[in-house]
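Note sheet for the following structure.
The values are calculated or read from the model by the stated rules, or taken from the named source; none is laboratory data. Just so you know, these numbers come straight off a predicted model, no measurement behind them. Note that each Cβ is placed from the backbone with ideal geometry, even for glycine, and that neighbours are counted across all protein chains shown. Ligands, DNA and RNA are stripped out before the accessible areas are found, and what is left, the full protein with its side chains, is counted by its heavy atoms. Shrake-Rupley method; radii C 1.70, N 1.55, O 1.52, S 1.80 Å.
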Amino acid sequence: MAVPKRKQSKQRSSTRYAQWKVKPVALSECPQCHELKRSHQICPKCGYYDGVQVVEQKEEKK
């Protein structure tokens with residue numbers, strides 16, 4: 001079993017984790033309703049994905 005010869009310093013350990021960053025969400029335009037949506041996801045406004053209506057939208061009561 002591998003055993004380290006020397007102790008790693010706190011700085012060396014924490015610099016490994018310092019490169020982790022949250023990337024912004026990639027948005028693309030829906031070809032049906034032209035709203036911004038996440039890529040490869042069903043459009044939350046119209047319910048279309050790849051030109052096919054997948055989810056029926058409920059009408060809002062006024």
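Out of (1) open to solvent by 90 Å² or more (accessible area, probe 1.4 Å); (2) assigned to a loop (DSSP other than H, G, I, E, B); (3) on the phi < 0 side of the Ramachandran plot, the odd one out for R16 is which?
(2)
Considering only segment 42-62, state which residues are surrounded by 10 or more Cβ atoms within 10 Å (Cβ to Cβ) and in a loop (DSSP other than H, G, I, E, B).
The answer is I42, C43, P44, K45, C46, G47, V54, V55, Q57.
Pairs under 8 Å by beta carbon, first residue in contact (Cβ under 8 Å) with a residue 12 or more places away in the chain and surrounded by 10 or more Cβ atoms within 10 Å (Cβ to Cβ) in segment 21-32, partner in a loop (DSSP other than H, G, I, E, B) and basic (K, R), six or more apart or different chains?
Taking only residues 6 or more apart or on different chains, the pairs are C30/K45.
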